[in-house]
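Below is one structure, written out as C-alpha cells; comments come after it.
The values are calculated or read from the model by the stated rules, or taken from the named source; none is laboratory data. Every value quoted in this text rests on a predicted model; they were computed, and no experiment measured them. Note that each Cβ is placed from the backbone with ideal geometry, even for glycine, and that neighbours are counted across all protein chains shown.
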Amino acid sequence: MTTSSESLSQPRLRRHVCWLLLLLCLLGLIPIQRSIDLRRGSDRGAADVLFLPSGKFLRQLSLGYEGLLADIYWTRVVQYFGGKRLAHSTEFNLLGPLLQITTDLDPHLLVAYRFGSIFLAEKPPRGAGQPLEALALLHRGIVANPDRWRLWEDVGFIYYWDLKDYPAAARAFQAGSERPGAMVWMRVMAAKVAAQGGQLATSRFLWSEIARQAGNEQIRKNAEDHLMAIEAEEEITKLNELIALYNSRQGRPARSFQALVVAGYLRALPRDPSGVPYILDAGGRVRLNPRSSVELSLLE
Amino acid sequence: MRVATIALHTFKESVREKVLYNLVAFALLLIGAAILFGSISVGVEQIILITLGLTSISVFGLLIAIFIGIDLVSKEIERRTIYNILSKPVSRPEFILGKYLGLLLTLFVNTAIMTAGFYAALFYQKRALLLDDLRFLGAVYFILLELAIVVGIAVVFSCISTPVLSAVYTFCLYVIGNFSADLRAFGQETQSALLGTLCDVLYYLLPNFGDFNVISQVAHAEKIPGYLWLGNSLYALLYIAALLGMAVLIFEEREFR
Amino acid sequence: MLALETIELTKDYRQGFWRNRVKRALDRLNLRVEAGEVFGLLGPNGAGKTTTLKLLFRLILPTSGTARILGKPLEDIAVRSRVAYLPENPSFYEHLTAEEFLNYVASLFGLSATERRRRAGELIDQLGLSASRHVPLRRFSKGMIQRLGIAQALINDPDLVFLDEPMSGLDPLGRREVREVILRLKERQKTVFFSTHILADAETLCGRVAVLHHGRLQGCGELNTILCLGVSTTELVLEGPSAEVLAELMPYSSSLVRTGERVRLEIPEESQVQRTLEVILRSRAKLISVNPVRRSLEDYFLQKVGASESSQEVASVYDPS
C-alpha cells in the first residue's frame, strides 16, 4: 500500500513530470527516425515495389482508391528519381517497376508516361538510359489513351534522338499527326525526318518546335538546352573551319580570336549561345568555356 | 501490484469477448486459404503463403488491437463500470497503465496463436521447417511493435472520445501512419516553405509505420537489416511512453458526469 | 472524530454551446458527519446528492471548497481502503461471474487469495446471491445487481460506507435486506452515509439528515426537527355511511371520495379526529380504517421552497464573476 505521504505527492508535480516525459519522448523520436531514414536511403517506400506481385493486383486491393494510390506512387517516382539525380547515381533500377505500377493503377495518368519516358530514356546520369523500356511504357500509354497525340510525339522523339532510328521516328510522327488535335509540325517533322534524318537542321527544327509550344517549363528548358547545344556545335564547326582558313592563309596558327578579329575574319569575339566567350585551346581547336552553361554532352 | 491486477483482469475480460474468437478464427482460415492460392501459380507458393499469412496476422492483429482497445477502455468509461474501480485505492495512472498492459498481453497471446497457425500452414506446405524459417518471427515482432503503438493510440482516444469515434480515429491514424513517408516526400517537393515545414513536423509527430513492414523482405528471403531491430524497438518504446504519458495527463483531468 | 467533513464544497458546470452559461450543481455545502452515525442525504432528483458523492470520490473535481474523509484530504487515495462507495444504478463487467467480480475488487485492496475467497463467500451468502455465484453478471436482474453492488462495497470491511440511492430498483424484500445491512453496519459502529429521495427509508434508519434542494443545503439535523413533520391529515375509510352521517362529517373533512360502498374522508385537523370518530361510532356506520397520513418530502419541498421556486430557476442559471 502506498503511504499517505506518497499519495499526497502533489498532482501538480506528477503533471509536470508527465509533460516532461512526453516532450522528451517525442523529441527522442527525431534522431531515431533520422538515423533509420539515413540507413534506408532513398529506396524507402520505393523498394517495396520490387516485391509487389503486380500493379493490377494492387489496383484491386486499393478498393476504389486507385487514383489516389497512383498519385502517391507518382510522387514516389519523382522522389526516387530526384534522389538518384542528387546523388549523381547511374543506377535507376527501381524506376521501371515504379512506373509500371503507377500506370497500372491509373492508365490515364499521362504525366507518368510522358515524364516517365523522359526519365527512362535519358542517358545516365541524367536518366536511366533505357530507351527501349521508355518506348514500352509509351506504347502501353498509347493503348490506354489512343487519342493522345503527344504520346506519339514522345515515341518519335526517342526513336529520333536516343535510338537514331529515323524511319521508325518518321512513322511515329506520322501516326501522331493523324490523331485528333495534333499540331501541324508533326507532319512536317515526319517528312523532314524521313528525308534528312541525321541532319542537325532537322534536330533543330524538332527542338525549336517543342520549345515553342511546350506547356511545361521543364520540357521547354530541356528543349532550349538541346537547341543551345546544337547551335554551339554548329558554331564550333564553323569557327574551326574559319581558323583552318586563317592558318592556311596566314601561314601560321592563330593564337587567339583577337587575331582573327584584327585580320577581319571575325567581327567580334565569338560567344556561345549562353553568352560566354569561346576558348581557343593550346592545340588551336575551338572549345567551350568551362563556365558555359551549354552542355555539348546532350548531343552524344 | 495493483497495475498487475488490473492488467490481468483486463486480459481475462478480453478472453471472454466472443468477437475475439471470430477474428482469430477468420485469420487462421485465411492463412489456410493462402495454401490454396499458392497452388494456383507455380513457383511462388511459398512466397504467397508467407506474404498472405503475415499480412493476415497484421490486418487481423490491427482489428483486434482497435476493437479490444476501444472495448476495454472507452466502453468501460462510457458504461460507468469505471466508477467502481476509481473509488477504490487505485490512482488514475495505475488504471491506465494496467489497462494498457492487459491489452498488450491480449494482443500478444492472440498474435502468438495466429503465428502458430501460420507456422502450421507453412509446415503443411513445405513438409519440413528449417531453422531459417525463424526469420518470420522477425516480421511478427515488428508487427507486434506496430500494434503496441496502435493500442496506445486507442487508449489515448478512449480517454477523449466515445467508443465508435475512438475506433475511427485510431484506424485513420494507422492509415496515415503508413503513408507518412509520402507525406514528407510531398512536403519536400512542394515550393512552399511553410507547407514543407508542416509536413516535416507531421512526419516526426505522427506514428511512422512504414519502417515496421518487413513482410516483403522476409518473403523474398532478404535479411532484415540490423539497425532496424534497434531502431524500431527504440522508436516503439519512446512512442508508447509518449502515448501513455499523454493518456495519463488527459485521464487525470477527465470528469465523469 | 469526524468521519466526513465538507467545507464550502461547490461544483459549477459550464453549459451551452459556447460554454458561457454556468449551472451551479452544488452550492457551498458544509457538512459534518460523526463516526458511527447513519447519515442521510435527502433531496428530490437533481438536488445534488449524486454530485456530492462523485465529488467525494474525485470522479468530478470541485470548483471550490474542500472535504475531508476520515480526516484525510480527497487526494489521498490510501484512505479509500477504509471507505466504500456504491454508485447509483451501478453497472459491472458483463462477462464476469459474481464470484470473479468480487474477487477482482478484493484484489484491488491487496487482500490475500484466501482472504478474498472468504470475504466474497461471506458477502454472497449475506446478500442472498448464493444461487448466482457462478452466473455471468449480464444475466443479473436489477435487484441482484444492486445487492452485488453492496457486496462489492463491503468487501474490504470499510469503516465508512457511501451509498447512492441504495434502495433504487429493489422490491420490498430487497429493500428490507438493504435496511438490515445498514442496521448491521450501525451495530458494528460503522459510519453509513446514504442518499435517497424517499423519506420513509431515511426515517427508519437515520439519526441525522441533511436536506438538499437545487444544490443548496436547506437544513441539517434530526429528521423530525428540521422537517417539522407531523401528521398532515388523517384518513378515514367508512363503509355504507348514511347521508346524515356524511352531512355531519362534511365540515371537518377536506375531501370526500366515494368508491362503491366505501367512502374515504380526509380530516386535516388532528384535534377534530376524535370528534369525527365519535360521530361515526354513534351512527353505527362501519369504520374500516383510520390512518394518519404523514407529510412526504415532496410536500415539504412544495410548501417550504415552492414559494421561491420560480426565483430558484433563475438563480440556478447565472454567471458568477
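Only one of the numbered conditions (1) under 22 Å from residue B:136 (Cβ atoms); (2) in contact (Cβ under 8 Å) with a residue 24 or more places away in the chain; (3) facing another protein chain (nearest Cβ under 10 Å) is not met by residue B:224, and that is (3).
Each residue in the stretch C:181-194 was checked for being in a helix (DSSP H, G or I) and under 15 Å from the mean Cα position of the chain (by Cα), and 3 pass. Restricting attention to the stretch C:53-88, the residues that are more than 14 Å from chain B (Cβ to nearest Cβ) and either under 15 Å from residue C:8 (Cα atoms) or β-branched (Val, Ile, Thr) (or both) total 6. The set of residues in the stretch A:163-185 being in a helix (DSSP H, G or I) and modelled with pLDDT of 85 or more consists of A:166, A:167, A:168, A:169, A:170, A:171, A:172, A:173, A:174, A:175, A:176, A:177. As a summary of the residue check, residue B:208 satisfies the conditions (1) part of a loop (DSSP other than H, G, I, E, B); (2) touching a helix residue (DSSP H, G or I) at 6+ places or on another chain (Cβ under 8 Å); (3) surrounded by fewer than 19 Cβ atoms within 10 Å (Cβ to Cβ); (4) not acidic (Asp, Glu) except for the one numbered (3).
What do you reckon, is residue B:92 more than 13 Å from chain C (Cβ to nearest Cβ) and not hydroxyl-bearing (Ser, Thr, Tyr)? Criteria not met by residue B:92. Annotation note: Cβ proximity below 6 Å between a residue of the stretch B:1-19 that is surrounded by 20 or more Cβ atoms within 10 Å (Cβ to Cβ) and a residue that is of a type in the set (Lys, Arg) (sequence gap 6+ or interchain) occurs for B:10/B:99. For the stretch B:185-204, a tally of residues being more than 7 Å from chain A (Cβ to nearest Cβ) and either at pLDDT 90 or above or part of a helix (DSSP H, G or I) (or both) returns 13. For residue A:24, the conditions (1) at pLDDT 85 or above; (2) surrounded by fewer than 17 Cβ atoms within 10 Å (Cβ to Cβ); (3) within 8 Å of chain B (Cβ to nearest Cβ) all hold with the exception of (3). Is there a residue in the stretch B:154-169 that is in contact with a Lys or Arg (Cβ under 8 Å, 6 or more places away or on another chain), within 23 Å of residue A:24 (Cβ to Cβ), surrounded by fewer than 19 Cβ atoms within 10 Å (Cβ to Cβ) and more than 7 Å from every other protein chain (Cβ to nearest Cβ)? Checking the stretch B:154-169: not a single residue is in contact with a Lys or Arg (Cβ under 8 Å, 6 or more places away or on another chain), within 23 Å of residue A:24 (Cβ to Cβ), surrounded by fewer than 19 Cβ atoms within 10 Å (Cβ to Cβ) and more than 7 Å from every other protein chain (Cβ to nearest Cβ). Condition check for residue C:54 on (1) on the phi > 0 side of the Ramachandran plot; (2) among the charged types (D, E, K, R); (3) buried (at least 21 other Cβ atoms within 10 Å of the Cβ): one failure, at (1). Scanning the stretch A:71-85 for residues that are at the interface with chain B (Cβ under 8 Å from one of its Cβ atoms) and crowded, with 22+ Cβ neighbours inside 10 Å, we see that the one that is nearest to residue A:104 (Cα to Cα) is A:76.
Of all the numbered requirements in (1) among the β-branched types (Val, Ile, Thr); (2) in contact with a strand residue (DSSP E or B) (Cβ under 8 Å, 6 or more places away or on another chain); (3) modelled with pLDDT under 90; (4) crowded, with 19+ Cβ neighbours inside 10 Å, residue C:77 misses one, and that requirement is (2).
Residues in the stretch C:107-119 that are under 24 Å from residue C:194 (Cα atoms) and either within 10 Å of chain B (Cβ to nearest Cβ) or surrounded by fewer than 20 Cβ atoms within 10 Å (Cβ to Cβ) (or both): C:108, C:109. For a quick check of your reading of the model, give me the residue pairs whose first member lies in the stretch C:96-120 and is in a helix (DSSP H, G or I), whose second is acidic (Asp, Glu), with beta-carbon atoms closer than 8 Å and at least 6 apart or on different chains. Qualifying pairs under 8 Å: C:106/C:115; C:119/C:157; C:120/C:99. Per the conditions (1) under 18 Å from the mean Cα position of the chain (by Cα); (2) away from chain C (no Cβ under 14 Å); (3) over 19 Å from residue C:107 (Cβ atoms), the sole criterion not satisfied by residue B:71 is (2).
Looking only at residues in the stretch C:141-158 that are in a loop (DSSP other than H, G, I, E, B) and at pLDDT 90 or above, which one is surrounded by the most Cβ atoms within 10 Å (Cβ to Cβ)? Among those residues, the one meeting the criterion is C:155.
For the stretch A:85-118, the set of residues classified as in a loop (DSSP other than H, G, I, E, B) and of a type in the set (Phe, Trp, Tyr) consists of A:92 only.
Scanning the stretch C:245-256 for residues that are of a type outside the set (Gly, Ala, Ser) and exposed (fewer than 11 other Cβ atoms within 10 Å of the Cβ) turns up C:250, C:251. Can you find a residue that is at pLDDT below 85, in a helix (DSSP H, G or I), out of contact with any helix residue (DSSP H, G or I) (no Cβ under 9 Å at 6 or more places or on another chain) and over 18 Å from residue C:282 (Cα atoms) anywhere in the stretch C:255-271? Yes, the conditions are met somewhere in the stretch C:255-271.
Take the conditions (1) among the charged types (D, E, K, R); (2) under 27 Å from residue B:8 (Cα atoms); (3) within 14 Å of chain B (Cβ to nearest Cβ); residue C:164 misses just one of them, which is (2).
Restricting attention to the stretch A:27-45 and to residues that are facing chain B (nearest Cβ under 7 Å) and modelled with pLDDT of 85 or more, the residue that is farthest from the chain's Cα centre (by Cα) turns out to be A:28. Please verify whether residue B:94 is at pLDDT 85 or above, in a helix (DSSP H, G or I) and acidic (Asp, Glu), treating the condition exactly as stated. It is true that residue B:94 is at pLDDT 85 or above, in a helix (DSSP H, G or I) and acidic (Asp, Glu). Scanning the stretch A:186-228 for residues that are closer than 20 Å to residue A:169 by Cα and part of a loop (DSSP other than H, G, I, E, B) turns up A:197, A:198, A:199, A:214. Residues that are free of Cβ contacts under 8 Å to residues at least 40 places away in the same chain and in a strand (DSSP E or B) within the stretch C:66-80 comprise C:72, C:73, listed in sequence order. The selection criterion, being crowded, with 16+ Cβ neighbours inside 10 Å and more than 7 Å from every other protein chain (Cβ to nearest Cβ), does not hold for residue B:179.
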